[in-house]
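Here's the structure we're looking at; comments come further down.
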Amino acid sequence: MNSDQIKEQAIAFLKKWWASLLMLPFMLYSLHQIYWALNYNIFFAVNYSYPFPLDIVYLFVDTFLLIVHEAGHTFFGLLGFRFLTILGGSLLQILLPLGILGYCWINRKYVGLQFSYLLVGFSWLDVATYAADGSARQLPLIGGLGKESHDWYNLLVRMNGLEYDFTFGIAFIVIGILCYLMALFIPLFYQKHEQVDLDLSLN
């Protein structure tokens, strides 16, 4: 194999896998964040230090999901069910990224699909820390709200499952990791279509 062939293969590899390579560091750091949060101190979920420039990406993604989360309480609150109002924050935080993912899937936006899976996966990890904190209620709440306003404490109490807060957290982490894996390996499912021009003239 000569140098030109090696270069062509390298270029082809980068064209196919550039998005996976780009998002991999963010995935690894977010998984490290969740590991430290659940194994050592839940405050790593909000105080974890991402290196530059990943810290900018994290700030953007986390702020976006926080806005979506709070909007979810208002949106589902219109339905008049208290349980759904409480769940609405975490629910919309998952559903909106899934909607973006669905749009990319239908329109075959494969790179968009990768980043959508990344967003869905990160959102599940974010919800996981909130759920795992259900009984301890250590995470600071927006607006300085008291511990009695903790979403997952109230949800789990209503379901008589407060002792399973960590179990919920682990389950959500598994879902998040599966979404990350899908984001990484979507290029394996890319379909290349070659266009062939046929001259059907009978003249």
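General remarks:
- Lys15 satisfies every condition listed in (1) modelled with pLDDT under 95; (2) outside any helix (DSSP H, G or I) except (2).
- Failed criterion for Tyr29 (all others in (1) of a type outside the set (A, V, I, L, M, F, W, C); (2) within 22 Å of Leu141 (Cα to Cα); (3) assigned to a helix (DSSP H, G or I) hold): (2)
- Count of the range 1-38 residues which are closer than 23 Å to Tyr190 by Cβ and in contact (Cβ under 8 Å) with a residue 40 or more places away in the chain: 8
- Restricting attention to the range 25-53, the residues that are under 21 Å from Pro97 (Cβ atoms), exposed (fewer than 15 other Cβ atoms within 10 Å of the Cβ) and within 15 Å of the chain's Cα centre (by Cα) add up to 2.
- Residue match in the range 109-117 (condition: small (Gly, Ala, Ser), over 12 Å from Asp151 (Cα atoms) and open to solvent by less than 50 Å² (accessible area, probe 1.4 Å)): yes
The values are calculated or read from the model by the stated rules, or taken from the named source; none is laboratory data. Bear in mind that the values here come from a model prediction, so they are computed numbers and not experimental data. Neighbour counts are summed over all protein chains in view; Cβ atoms, including those assigned to glycine, are modelled from backbone coordinates with ideal geometry. With ligands, DNA and RNA removed, areas are computed over all heavy atoms of the protein, side chains included. Shrake-Rupley method; radii C 1.70, N 1.55, O 1.52, S 1.80 Å.
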